[in-house]
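The values are calculated or read from the model by the stated rules, or taken from the named source; none is laboratory data. This structure is a prediction, so every number in the text was calculated from the model and none was measured. As a convention, Cβ positions derive from the backbone with ideal geometry for all residues, glycine included, and neighbour counts pool all protein chains shown.
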Amino acid sequence: MLQQKNRASAEKQGRKILVEVKSFLGRSFVNDLEQAVGQYVIYLILGRLG
């Protein structure tokens, strides 16, 4: 499970930027990494659609 989510966002010249910082505090580093990479891919796809 990923914990301690910190988010920040900004907008410049019509472009939105979202930064999310996570800590890998779960029982399995590999599972935490897999979840983080999956979220990144989803955000990347959604960003291209928007």
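Looking across the stretch 24-44, the residues that are in contact with a Leu (Cβ under 8 Å, 6 or more places away or on another chain) and outside any helix (DSSP H, G or I) come down to PHE24, LEU25, GLY26.
Residue-wise test of (1) modelled with pLDDT under 80; (2) loosely packed, with under 10 Cβ neighbours inside 10 Å; (3) not basic (Lys, Arg).
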residue: GLN4; (1), (2), (3): yes, yes, yes
residue: ALA8; (1), (2), (3): yes, yes, yes
residue: LYS12; (1), (2), (3): no, yes, no
residue: ARG15; (1), (2), (3): no, yes, no
residue: GLY38; (1), (2), (3): no, no, yes
